Every structure is written in structure tokens, then in C-alpha cells.
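Student: One structure is given below, represented as C-alpha cells, and several questions about it will come after.
Each value in this text was obtained by applying a stated rule to the coordinates, not by laboratory testing. Computed from a predicted structure; not experimentally measured. Cβ placement follows ideal geometry from the backbone for every residue including glycine, while neighbour counts extend to all protein chains displayed.
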Amino acid sequence: MMMPIARLLSKRLGTSLLVLFGVSMLIFAIARIIPGDPARIALGPNATTEQVAALRAALHLDDPVWIQYGYFLADLVRGDLGVSLYTNRPVTTDIAQFLPATLELVFVAGFMMVAIGLPLGILSARYRGGIADNIVRIVSLLGVSAPSFVWAVILMLIFAFYLPLFPVAGRISDSYSIQAVTGFLLLDTLIAGNFRAFGNAAWHIVLPAFALALSGIGQATRLTRANMVETYERPYIEMARSYGFPARRIANRYAFKPSLIPSLTIIGLDFAAMLGNAFLVEAIFAWPGLSRYGVAVILRKDLNAIVGTVLIISATFLIVNIIVDLLIAFINPRIRLSQRSS
């Protein structure tokens, strides 16, 4: 089994590297088409013409685009994404600071999407046509009918202002001082052995993560239900019923697993898309993440930071898709056999 999986992994990695190369060229060109002079924006209106010209020369902005891209690739090979004109720090330093916050938010939202969406889909399919099915379908439709930032505002108004159960903004209360080890605050609080801080950080992440996950929860629920309803019509399900197998066993063991593959694909895409969609949720909850940072550097035409941020988000998106492909190959033996025969 390991050889087909390894062959699939090597193919996906090769394809992903080509995609990243194409993304780097595309975003590099688009970032330079955006109106405005990055050097003038960075230095401000009071900077002299000589200062602007010196910064343009340092950034190679007066060279042709293909030469600029050559400089960028040479630096990228060395792990250097340049200096951000927005923070005056290396872009890699900014990414290392802001990326863990976004990943932590997305991971928790993804966990909510799987832990809530799949069971609701199973419940709805098992009792299709009943009251529980109708309620779940209405709730899931509400989840997908509004974007994440709308749910973020609604959840904040209800559970932070009218019912002050959750904090409004930030990752943790100011009264806690946690040393950053991994950048993931939930992990860092556990590493520090400060369980009160862990609870505080977990309480802060509930609302933004749930707002980010609601659309995915609705999609996962609806897709799981649709696939399971179709699976319930298969002959082997009827045979299992004729043998007197319990309804719970039929649902969880015989109907859910074949229905999981298309659901897993959509969940993976939704999970990866959260990285790009998180910026409005981060802005509403003052969450210091990479998506919020990306919007700030785009508004200031910070070329190095724009390219670096997009490349990191693209790489994460591709990694998630590779993991989903491997999980599907592990679940579905036909994919492993097709890789072996190829």
C-alpha cells in the first residue's frame, strides 16, 4: 500500500511545485501592475525625489520586470523574501509572526466544520424526511447563505454585546503573558503549563472560528446528507437491513464511509479557502493574523510582502489538497490500485 501512496505523493508534490512557480510569476506581475509607486507610498509625500529614486534603485524597480523576477527567484532560493516596506522588517519575520495566528484560527474552524458538519449530515440522512432532517437542512442552508464576515458581526452582537459571554477581540486577555514558542497560542499556553491562560485563549477563539466555519459546516452537512441519501439506495444497504443490522451501524459503518470521499474533497477545499477568506473575520475580531496583514500590505503596495503572503497562502492551500488526496487514496482502495497500475 505504501508504494502507490508514495507515487501519488511524488506526483502531487511535483505538480504543486509547478503551480507555485506559476503563482509566483502571476502575482509578481500583478503586484507591479497595481497603480502607485511603492517607493513613494513607503516614504510618504514629504520624501525628496532623490530618496524615492534611491529606494526604487534598491528595490530594482527601474529594471525590466523579468530582471526583477530574476532577483526575486535568486533571493527566494536563499529563503529571503525581501524587506517589507510596511513594517521595515524581513517578510519572513512578519510571516513567522502572523501566520501561526491565522493557522490556529483556521485549524479550530476546520475542526468545528468536521466535528459539527459530518454528524449533522449523518443525522439528517438517517432521519430523512423527518423533523430532525428538516431542521438540519434549514440550519445548513442558513450557514451557506451568508458569508463569514456577516456571521462574525451577528455572533459578536449576540454573544459579545447583548449576551456578554465571549470576548470581543484579540487572542488572549492582556493579563496573561505567554512566551511564544510555536506561535500557536493554544499550544504555547499548554507548554507553559498555564491552563487558565489556555482556557482564556480558547474562549477568545470560539466566536471567530465558528464564524469562519459556519459556511463550511453548512456545506459539509448538505453534501454528506446528499451522498448518504444516495448511498442508502444501494443494494448492499438493503441487504444489511434485511439481516437486521442496527440503523446506527448501517449509518455509521456502511453508508457513511462511501459518502465520505466527496465530502472530504469539499471540506479540504473549504479548509484551504479559509486562509484567504479569514481577513474580514480577523479584522472584525482584531485577530492579528496573516490574512489581515496581507490586506494591509496590498493597500500600501508592499511588493515583497504581497508576493510572500500570497506564496505562503498558496503553498498552504496546496499542502492541504495533497493531504486530502492522500486521505482519499487511503480510504478508497480503487485509487491506490490505479496508482499501482500506472
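Student: What value in Å³ per residue do you get for the convex hull of the alpha-carbon atoms in the chain?
Tutor: So the per-residue hull volume is 191 Å³.
Student: I've got another one for you. Let me have the 222 nm mean residue ellipticity of the chain computed from DSSP H runs of 4+ only, each contributing -39500 (n - 2.57), with the sum over all residues rounded to the nearest 500.
Tutor: The per-residue figure over the chain is -24500 deg cm²/dmol.
Student: Within the chain, which whole H helices from DSSP have a Cα span along their axis of at least 20 Å and a mean Kyte-Doolittle hydropathy of 0.0 or more, if any?
Tutor: 2-33, 91-126, 131-145, 195-231, 256-284, 303-331
Student: For Val83, enumerate residues with amide H under 5 Å from its amide H, sequence gap 5+ or separate chain, H modeled in the peptide plane.
Tutor: Residues meeting the criterion, in which the H sits 1.01 Å from N, are Val91.
Student: What is the distance, in nm, between label points placed 7 Å from the Cα along the Cα-to-Cβ direction at Leu165 and at Ala202?
Tutor: According to this spin-label approximation, the distance is 1.6 nm.
Student: Any idea how far apart Gln51 and Arg241 come out in nm if each label point goes 7 Å out from Cα toward Cβ?
Tutor: Result: 7.7 nm between the two label points.
Student: What whole-number distance in Å separates the alpha-carbon centres of segment 194-249 and segment 65-83?
Tutor: Taking the Cα centre of segment 65-83 as reference, the centre of segment 194-249 is 44 Å away.
Student: Right, something else. Please list the non-local residues whose amide H lies under 5 Å from the amide H of Arg234, H modeled 1.01 Å from N, same-chain partners needing a gap of 5 or more.
Tutor: Those lying under 5 Å, H to H, from Arg234: there are none.
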